[in-house]
Structures are given as C-alpha cells and as structure tokens.
Amino acid sequence: MRILQVVHGFPPDANGGTEAYVRDLAAALAARGDDAVAVFTRHCDDHARDLSVRRWTDGAVDVVSVNNTFHSCESYESSYANPAIAHFAADFLDEWRPDVIHLQHLTCLSTGIPRQAVSRDIPVVMTLNDYWLICHRGQLLDLEGRRCPGPWDGGCARCLPPGALATNAAFRSVRTLQSLPIGGVSAAIGIAARAWDAATPAERTRAATLCRLDHMRAAVADVRFFLAPSATLATAFAPFGLPEHRIIRCNQGISTARFECVQRTASNHLRIGFAGGLQPTKGGDILIDAVERLPLDRVVVDVLGGNGGYHGDRRFADALEERLGHAAIRRLGSVAHARMPGVLANLDVLVVPSIWIENAPFIIREAFAAGVPVVASNLGGMAEMVRDGIDGLLFPAGDSAALAVALRRLIDEPDLLPTLRAGIRRPMSIEADATWLRDLYVRAGASQQPAASRQPPVAASEKRGASSEQRAASDVAAVILNYCTADQTYLAARSLQSSFAPPADILIVDNRSEDGSAAILRRSVANAHVIESPDNRGFAGGCNIGIRAALENGARFVLLVNSDAVLAPGAIGCLRTAMDDGVNVGIAAPVLLSREEPDHVASAGISFSPSTGRMRHRGAGRRVSAVGSDRLRCVDAVSGCVMLIKREVFERIGFLDEAYFFSFEDIDFCLRAREAGFEVTVVQDARAYHEGGRSIGRRSARRVYFATRNHLRLAARTGQTATRPVRLALVTALNAAYVLVSPESPLVGGAAAFARGVWHHVIGRYGAG
C-alpha cells in the first residue's frame, strides 16, 4: 500500500504535537516493510521563494514540502484555499500515486487538496486535530481570548483578522509592507489594522465566516472517514454536519520505545514542566500566577517551547518576558522531539493549563509514557485523558488560585505523587496505532497489495483512460488556428496529445500562412488533420472553418486552442467534467497562466460592463493564488485562447462573428451564449499557459487598430440603447489612454491606428480592415 500523510508542518521545521505524531506514524507505517509512505507538508522560510518546493527523505519516508510564508496570498480566501498549493499537491499525486491519503491538517496548505485526491479516485481519511474546519483560528477562542461556541447562533461576528475583508489590492499592499525591513512599519500596520477592524460591520465578518464554513463543508464532502481523538471534538463537529457513521473515535499512539530506558532522578524540589508556546491559549500566564503563590525554595519550573506570536500578534509573548525571569523558572526553549524523554524524566509533574478546549494533547501521552502525572485544565480532551486523583489532577480552566492549590498538594502530601504515578496507564504504541490505521485505510478503499511487490499504481487520470475522463474526451474535437507559427502550433498540439484525456480529434486550421506551415505541420504532428484556408479569415473566420468540420464529424464539444497556448495534462478532463457537473454550462475555460511567469495569471475569466463597455481580465498579472478556490466560477466571458464549447451553443447562437476578424469576437460569442441561457465558467482546476502576441505582435499598430474598432463594435451591440453614446465615448477614451500610456503600444503608429479604428467603426468597415 502506498500511503500519503498530509500535514501542516514536519520536523525539524515544526515540532508541535501533531507534527511529531505524523513523523512517528509515518516511520511506523514504513517500518512494516510492505508499505511505502510519503508526507506532503509545508514550511515557512522568508529567505526562500514563496511556493518553492523542498524534497528529502526521513528514514524510509519521502517528504515533499512547499514554502508558504503567505506573502503570495492576495485575499482572505487564498489563505486557506490556496490554488497554487493544491496544484503542487496534484502534481505530486500524479507522480507518487498513493493508494490512500490521510489528511492530518490542512491549515497553511490548501482545502483544494481533498478535491484533487477525489478527482483521482484516491480514498481520503481525515483526522480532526482541532476545530480549524469550523474556526479559522482553530481553537474556538475569540479575539479577546474568550471561549466561543462556534459560528452557529450568531458566533464569529467579529473574529476575522483585521485586514481579512480588505480589497485584494489592500491585502497585497499590507503583505508587501510587512516584508520591508523598515522600523515602525509593523506598528503602523497594526494600528491601521485595528482601526479597520473597529470600522468593519459585524455582519460583514459574519458573512465571510459563514462563506468559509460553507466552503469547508464542500471541501471535505468526499472524505471517507473522520477520526476524532476525543469525544469532545466529535461532539463539537455535530453542528458542522458530518454524518455520524463517518466519524470514528480513535486513540493516537506514541513511540513508547523511546521511554523504556528513561531513568528518573530524585529531587528536593517539586519539578514542574510546561510545554507549549507563549500564547494566550496555552495558559502560560496562569501557571506563572500559580507559581508566584508557591514557596520559592520548594519548586523549579521548566518552560519548554518558543515565544513566537499568536496569529502574528506578539503582545502576549512580549508581556510575559519579564515575568519569566522569576527565580523558580528555567527557560529551555524549543526542545527537539528526540530529547523529550530525557526532559520529561527530570520532571515530577507536567502542567497543561490551556484555556482552549484542547482535543487530545500529544504532550500528555508523552508525560504518561515517561511516568509523569499531569495537572490539567478540566476541559475537553484534557479532562478525558487525565483521571482526577488517579494519574493526575484537574483544576478549573483559567483559575490560577486553584492551580496553585493543586500544586501545593503535591508539595504538602508526600504520598500523592507516588500514588498518581502508580495510576498511570501506558499509552498506545505508535506501532499498534499504525496497524489499526492501516486496516482503516483498507476499509476506506485502499489497495491491500504490498507496495514492494508491484509497480506504482496507475494514476487515476490514467485509470480514467479506462473510464470517465478519457471516455469523456472521446466526444471532444480540438481546433488549433495557425498563422505563421508552426513551431508554436506543434507545441500546442503535443500538449493536447499528451493530456490525460486527449481529444478524439485535432484539427489544425492554417490561415493561409504562406510560409510552408501547413506542410511542416502535416509532417510533424501525427494523427492531426491539417485544413488549409484559401485566405486569411482572421481568428473568427479561421476558427469557424475548424468548428464546422468538427461538428460535421459529430463532435459534442469543440475545444478552441490558440497556437501559442499549451494545456496542462489534466486541463481537458477538468473542462469536460465541468460540462457534466453544470447542466447549463455552455462554455468552460481554464485559468490562463503566463508562459514567461507560470505562477502569474494572464486571465481567470473576463468581466464586462454593458453600461460602460469596459472589460477586464480577472486576476491578470497577479499570482495564481489570487484566482480563488471555487471549482467553477461563472464569469461574463472567457478568452478565446482556450475554451471548450458545447455543440448546443453553436446550434442556438451560431458561430464566431467574422466581422471582428481579430479580438473581441470571443467576448461577443460568450455574451451571446449567456443571452441564450448558457453559463460561461472558468474551471479553477484547469490550467493553460499562454505566450501571447506571436501571430500579430505585441507592439503592433494593427493590434491597436483591431482592439479599438472591435471594442467599439461590441460596446455598440451591448447595453441599453439610451446610454450608447456615453458608452462609446468611454470606450474611445479608454483606447486612447491605452495608446498614450501603454509600453506595448507604439505612440505614433498606435495613434494613427487608433484613429483609423474609430473611423472604420463609424463607417461600418469591419473584417480584415
């Protein structure tokens, strides 16, 4: 069996409880010998390029880690549903080909990962390690540190990060400022953010929270089993809507072998341990309050953990700095996972004073494995794990006086500590946990065949060559328009042929190139039909030749592809699936990325205003993380660079308008399809890469001429008749401004082309011009 663990951090970069558990679990699964194990995770390195990938092996475990500093995020949504990370994960799934995926945590990664797994027929199991699916802070605590019931019944009214609802531009600006090494910038950002927060209506933050909640439900809808390490967590997720039969209570194991040789030493002091970051949720201040009530000469307190900020806010940690200078307190800092048995052996008691309703703290299991009783808050999973008076003591959460009383009992009652030690039950071993989980993976649908005895499993996209995706592509015909770009057309055709779901037919229309392109393409592109146009009919006319041929051959769907576009292997299958999933979808397009900068968007759909005639490419120039996480997004129009069109659209509205010749015919076609009742969508999972400007040149005056003339033609056709004069004036002004300020427009030649475009629109001269 090939098992992939997905977690938000992995040692040595991250050493929290979940991260340490996943490392031990992955090693235990791999140690069985008949399983291959990998981990997909995240690290945070401000000195490395954001979204860069590192790979290494941890024993027998393959580890792939993506760098996410959040500086590439351009919206609140992209902070939890990062499309770029989801696509990195998709590439790894296609490469490594797991039989099952175990999601341990998706924070700092992307909620798009489960969908990528399901689309490849890979069963998914998920552990609920905290409340992150229902609470963006993960711990059901509000901004003031008060426990929150969750987003139900009016909760989450004012709990989003202050800048979360800013515009995308403001979001990017803050990220940029935060990265500058300028004194006072962080303080200024903090002041501005708090002012923004105070001015943000509660209903806006609540609406954004509920939108996130709906997104999370959809993201995990296809998870086979949810594992709840505590009854507390299972109960908390009941309002979220997870079916009861898919929630399984579980214990989690630890590497008990590391604790078998622990040697305990005696001491005249009560040796108290605290493990956790200096965050308000962990209750470090409560422990300090309690220690200050104890006799100084009777206690020693070891504080383990870093002093990083809490959700970027360092005020709490900074306020504790002076108090941590107490004479009884020793600061050990972050302790490597491998050193924990020795550190715990030098303690008499571990204190877990968390104020949030913890799930099943890993540190409590480790303390019990080392024979150390635990004093914990009487909350949630802590109260489930610690039996009061048997293997530890419980106290009311947040009550430092009660904690001091409990610790004083351990000083004043000599028999209490030995009694509590004797009551400790040995935790489950990680080996037993791995065996139980492997059986669960089989129940979820994973193959039982030993990984070592076979080749890596066939990727689901290839399996669907035997099923849905490739069968679906058998009714797709692709049309590539070539004009003097045989080298680019070859690459476009090869990208189609190497797709996971290649089209049944590829039609290359040569638009009378007169440079020998047709003959070159016939020789170089196998299994493609080259059609020669008797004359250059522009983009619209050339595409129409191929469209008619495709429909005459019985195609149900026509895929238009520019010669300078290259499709990702899964793009056609994603587009075709979108047609099946959306009853009214008539046109579907991928997210277009720049071939020069593949992490930047060229177009994620087009917005068009019928009142002003203005059009914009969504996300243009921004990072791919800005396109959002919705699988399908309805838009006004999409670029004709790559678009999949249902046969019924042509039957109802006809073909591309050849009067445009070049540019704006794609927008016109999409708007006509929408008027006829079809939806136009961008499929966020589909990717294509576009170079642009090869056939007519980026700085060509002819480009300015066609853009001006055709923009005016489209503006005249759309919108209300009464506002047409104003609309045409605005469009004329926009195109004039483009000629004056754009570096891609030659000033003198562009001005002449602009004037000619306006005049030809006035006299109704269209086509080749």
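With unit charges on the beta carbon (Lys/Arg positive, Asp/Glu negative), name the residue among Q497, A602, V585 whose Cα is farthest towards the positive pole of the charge dipole of region 474-616.
Ranked along the dipole, the leading option is V585.
Find out how many positive minus negative residues lie around H269, taking Lys and Arg as positive, Asp and Glu as negative, among other residues whose Cβ is under 9 Å from that of H269.
Summing Lys and Arg as +1 and Asp and Glu as -1 gives 0.
Considering amide H positions built from the backbone, and no H for Pro or chain starts, which residues 5 or more places from V37, or on another chain, come under 5 Å of its amide H?
I3, D62
Which value, in Å to one decimal place, does the Kirkwood hydrodynamic radius take for region 336-449 when every pair of different Cα atoms is included?
For region 336-449, the Kirkwood estimate is 15.5 Å.
Within region 474-508, whose backbone N sits under 17 Å from a point 7 Å along Cα→Cβ of R523?
Of the residues in region 474-508, 484-491 have backbone N under 17 Å from the label point off R523.
Label 7 Å along Cα→Cβ of R652; region 572-605 residues with amide nitrogen under 12 Å?
Backbone N within reach: 583-587.
Give me the one-decimal nm value for the distance between modelled label points at D412 and A207, 7 Å along each residue's Cα-to-Cβ direction.
5.8 nm
Can you list the HN-Hα couplings for region 367-377, worked out from phi with the Karplus curve (6.51, -1.76, 1.60; θ = phi - 60°), rounded to whole Hz and with x for Gly and Pro?
3J(HN,Hα) across region 367-377, in whole Hz: 4, 5, 4, 8, x, 10, x, 10, 9, 9, 4.
Using Cα atoms only, what is the angle between the long axis of helix 724-741 and the major principal axis of the chain, expressed in degrees (0 to 90) to the nearest 10?
80 degrees
Using a simple spin-label model with points 7 Å from Cα along the Cα→Cβ vector, what separation in nm is obtained for W56 and E514?
Between W56 and E514, the simple spin-label model gives 6.2 nm.
Along the Cα→Cβ direction, 7 angstrom out, place labels at D45 and A716. What is the inter-label distance in nm?
So the two model labels end up 5.8 nm from each other.
Please report the projected area of region 585-736's Cα convex hull averaged over all directions, in nm².
Convex hull of Cα atoms, orientation-averaged projection: 9.1 nm².
With all protein chains present, how much of the accessible area of the chain (probe radius 1.4 Å) comes from carbon and sulfur, to the nearest whole percent?
53 percent
Please arrange K646, K282 by accessible surface area, largest first, computed with a 1.4 Å probe and ligands excluded.
K282, K646
Working out 0.36 nm times the residue gap between V748 and E552, then minus their Cα-Cα distance, what length gain in nm do you get to one decimal?
65.9 nm
Using θ = phi - 60° and the Karplus form 6.51 cos²θ - 1.76 cosθ + 1.60, what ³J(HN,Hα) does each residue of region 387-403 get, whole Hz, x for Gly and Pro?
8, 4, x, 10, 10, x, 10, 10, 9, x, 4, x, 9, 5, 5, 5, 5
Give me the accessible area per residue for the chain, probe 1.4 Å, as a whole number in Å².
With the other protein chains kept in place, the chain gives 40 Å² per residue.
How are the alpha carbon pair distances in region 1-160 distributed across 10 Å bins from zero to the largest one, expressed in percent?
Distribution as computed: 10, 37, 35, 14, 3, 0 percent.
Only Lys, Arg, Asp and Glu count, each charged at its Cβ (+1, +1, -1, -1), so figure out the dipole size of the chain about its Cα centre, rounded to 20 debye.
I would put it at about 1420 debye.
Given 0.36 nm per residue, what is the gain on full extension from D475 to N378 after removing their alpha carbon distance, in nm?
28.7 nm
Taking only the alpha carbons of the chain, what extent do you get along each of the three principal axes, in Å, biggest first?
Principal-axis extents of the chain (Cα, largest first): 101, 61, 42 Å.
What does the net charge come to around H8 if you take all other residues with beta carbon closer than 12 Å to its beta carbon, with K and R at +1 and D and E at -1?
Surrounding charge for H8 is -2.
Label 7 Å along Cα→Cβ of W152; region 235-257 residues with amide nitrogen under 19 Å?
235-249
Sorted by accessible area with a 1.4 angstrom probe, largest first, how do W152, W436, W759, W132 fall?
The ranking, largest first, comes out as W759, W436, W152, W132.
The values are calculated or read from the model by the stated rules, or taken from the named source; none is laboratory data. Computed from a predicted structure; not experimentally measured. When we count neighbours, we look across all protein chains shown, and the Cβ atoms used for this are built from the backbone with ideal geometry, even at glycine. Side chains included, ligands, DNA and RNA excluded: accessible areas come from the protein's heavy atoms. Shrake-Rupley method; radii C 1.70, N 1.55, O 1.52, S 1.80 Å.
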